[in-house]
Amino acid sequence: MTSKKTIKSAFESLMFVWGEPLDVKTAAELFNISNKEAYDYFAELKEEYDREGRGIRIREINKSFQLVTSSENVEYIERLCTPVREKRLSQQALEVLAIVAYRQPVTKGEIEAIRGIRCDRVLEGLMKRDLVQEAGRSSAIGRPILYGTTDAFLKHFGFQNLKELPDIEDIAGVMNLEEPEEGVETGQLTIEF
Amino acid sequence: MSYKVKIDLFEGPFDLLVYLIETSEMNIYDIQVAAITRQYMDYIQEMQRLDVEVATEFMVLAAVLIEIKSKMLLPRIKPEGVAGGEGDPRDELVERILEYKRFKRAAALLEDRQEAMEAVLEKPKEDLSPYTKEPDEYLNLDIRQFAAAFHLFLHKRKKVEEIRKNYARVERQRMTIEDRIQSILRLFRQKALKKITFRQLVEEEDTRFNRVVTFVSLLEMARQRVIKVKQQETFGEIVIGIGEEAGEKKVHDQ
């Protein structure tokens, strides 16, 4: 039985070598420990890095862990070199992605009903960027394809899992979204509710 | 009511509608359908005037607005005994607008996250093959089996070499364009022909290669104006006529 300290230290090395998010299950198998145990070790490591305010942090993406830089240091990194960045998503792409993220699994028809406009090409682009994937088929007529988000989506937006998606159901917040200087009458809203 | 029109601003009909409602500072629960419909239609006409292709989806929402507008004109009859009766004809539209705004907000949230995440850098996965190189595979053979296999190999090689010693490898001569041009010219001369069809020329050619060579030869001859080529209709018969300047001397080797 390998000691906890050894395993944690080993996980650190593994993440360094692996680069990509390292699956808890894979790591657990290497030491013959349960996924839960492995997860806890990773979480502890992550907590230690955060507490000590290290320049390297551990990020969790859907039960995988990865070494990344601390966001506070981006300015200094840019002094040293220009990191390659992914292209930002267009407004259209963000809208479609938001619907997929919150309503998954969702069909193309449902997305189009919300936006009132076709989205074939946008959806195609999102799939190409691996942010959206097919997630089976609906049992509705014609068995349309269902879409869902990927782990790459979580990574791109820095979510640990889908539960971390911010709540958008409160309507008051929706009303306040648009330019506040335009004076959306929230006062009238309180009358409505 | 004046409003600014920015053509490339809107992602879809709802985007436009939400924009119009907000700029006219209307309460979303009390949309003045007539005013909004007019603005919406003005906008679509403006798009058409500027020759922007108006997506059919914009028209669909226009139709929905007009339908609601006409329903609003009708007196709402409450059937006896039924509380409330028909709801506000705008209800469904409001619901859809709110739904759309909800996701527009979600999109804005995602956009912020996206920007924030640009500050977090990761290392791309490196080539790990130096660490995971498979060890060499060993043949599980005893020395006698190995010797037998090697002997068999030597024996085969010897046989192949013996055969090679006595025979030379020959390639079948393939037709060249130059040869084919000469043979076509000969054909014209021998039979004193003025015209021949492509079909006749390739009738005896059994391989695709030779047919293609014949065709390319004809193109070359046409380029040098040795022949005239006519085809009346697509996929029709190609008729080759000998040109005035016909003669071997005009055909240069390329």
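Among the residues making up the stretch B:155-193, those that are of a type outside the set (Val, Ile, Thr), part of a loop (DSSP other than H, G, I, E, B) and either touching a strand residue (DSSP E or B) at 6+ places or on another chain (Cβ under 6 Å) or more than 30 Å from B:Gln231 (Cα to Cα) (or both) are B:Tyr167, B:Ala168, B:Arg169, B:Glu171, B:Arg172, B:Gln173. Residues in the stretch A:46-74 that are of a type in the set (Gly, Ala, Ser) and without any contact (Cβ under 8 Å) to a residue 24 or more places away in the chain were compared, and the one that is farthest from the other protein chains (Cβ to nearest Cβ) is A:Gly53. Restricting B:Glu80, B:Glu122, B:Glu111, B:Glu126 to those that are at pLDDT below 80 and under 35 Å from the mean Cα position of the chain (by Cα) reduces the list to B:Glu126. In summary, B:Lys159 fulfils each of the numbered conditions (1) assigned by TED's automatic domain parsing to the domain that holds B:Thr234; (2) at pLDDT 85 or above with the single exception of condition (1). Give the residues of the stretch A:78-100 that are acidic (Asp, Glu) and either surrounded by 22 or more Cβ atoms within 10 Å (Cβ to Cβ) or at pLDDT 85 or above (or both), sorted by residue number. A:Glu78, A:Glu95 - these are the residues of the stretch A:78-100 that are acidic (Asp, Glu) and either surrounded by 22 or more Cβ atoms within 10 Å (Cβ to Cβ) or at pLDDT 85 or above (or both). For B:Ile177, indicate whether it is at pLDDT 85 or above, of a type in the set (A, V, I, L, M) and out of contact with any Lys or Arg (no Cβ under 6 Å at 6 or more places or on another chain). Spelling it out, B:Ile177 is indeed at pLDDT 85 or above, of a type in the set (A, V, I, L, M) and out of contact with any Lys or Arg (no Cβ under 6 Å at 6 or more places or on another chain).
Of the helices (runs of 4 or more DSSP H) lying entirely inside the stretch A:75-158, the ones with 1 or more residues being free of Cβ contacts under 8 Å to residues at least 60 places away in the same chain and under 22 Å from B:Ala55 (Cα atoms) are found at A:91-103, A:108-115, A:120-128.
Taken over the stretch A:101-119, the criterion of being of a type in the set (Val, Ile, Thr) and crowded, with 20+ Cβ neighbours inside 10 Å is satisfied by A:Val106, A:Ile111, A:Ile114, A:Ile117.
The values are calculated or read from the model by the stated rules, or taken from the named source; none is laboratory data. The shown structure was predicted, so the numbers you read here are calculated from the model rather than taken from an experiment. Here Cβ is always computed from backbone atoms with ideal geometry, including for glycine, and neighbour counts include all displayed protein chains.
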